[in-house]
1. Conditions: (1) of a type outside the set (Val, Ile, Thr); (2) surrounded by fewer than 16 Cβ atoms within 10 Å (Cβ to Cβ); (3) touching a helix residue (DSSP H, G or I) at 6+ places or on another chain (Cβ under 9 Å). Gly5 meets all but one. Number of the miss?
2. Among the residues of the stretch 1-35, what is the count of those that are β-branched (Val, Ile, Thr) and within 13 Å of Lys54 (Cα to Cα)?
3. Those residues that are part of a helix (DSSP H, G or I) and farther than 26 Å from Glu61 by Cα, I need them from the stretch 1-27; list them, please.
4. Can you tell me which of Asp49, Asp32, Asp39 is acidic (Asp, Glu) and not in a helix (DSSP H, G or I)?
5. In the set Lys96, Lys56, which member is under 30 Å from Lys15 (Cα atoms), among the charged types (D, E, K, R) and surrounded by 10 or more Cβ atoms within 10 Å (Cβ to Cβ)?
6. Run down Ala138, Ala133 and say which single residue is aliphatic (A, V, I, L, M), assigned to a helix (DSSP H, G or I), surrounded by fewer than 10 Cβ atoms within 10 Å (Cβ to Cβ) and out of contact with any Pro (no Cβ under 8 Å at 6 or more places or on another chain).
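Quick note: the coordinates plus some simple rules give every number you see, no bench work behind them. Since we're looking at a predicted model, the values are computed, not measured. Cβ placement follows ideal geometry from the backbone for every residue including glycine, while neighbour counts extend to all protein chains displayed.
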Amino acid sequence: MVTFGNLVQRLSDLKPNDPVDILNNSLETLSDLETHGFDVGPVRGRLNDLLSLKTKMCQQEDTRKEVETELRKCKHEKSLMEKEIYQLKMKMQELKLKMVRAETMRKRKEYKVTRLRSDMLLVRNQISEWMLAFEEPAAACL
């Protein structure tokens, strides 16, 4: 009788974090008590209900751990992607700066080419004038 009373008391003191072995051992004890004529039906029913809940809790805990692991993995991957995006933005800024410098240099060269063409035209005209100036005295009679 004392064992049965202790078992019922232990049942009411159970906590969700208690090991599942306590429930299994209690069920074994109930089987022994049942062979000695104790009516263990209601207690067994309660233990089976608690065991079922404990099993579901353990399964959910496993699921929680999997989700937590996946969450950590996703956060890490997200962090890597954010770092890559930042690096790409820095490269884009660097390339934009290079583009602006290249455009500036191209415009300077374009201006210089235009100026040199103008200078070349002036030099050609001057050469043509000197050739004419040279030919007149050379062709003139002495």
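1. (3)
2. Number of matching residues: 2.
3. Val2, Thr3, Phe4, Gly5, Asn6, Leu7, Val8, Gln9
4. Matching residue, one of Asp49, Asp32, Asp39: Asp39.
5. Values: Lys96 fails: under 30 Å from Lys15 (Cα atoms).
Going through Lys96, Lys56 in turn, just one is under 30 Å from Lys15 (Cα atoms), among the charged types (D, E, K, R) and surrounded by 10 or more Cβ atoms within 10 Å (Cβ to Cβ): Lys56.
6. Details: Ala133 fails: surrounded by fewer than 10 Cβ atoms within 10 Å (Cβ to Cβ).
None of the others qualify; the one that does is Ala138.
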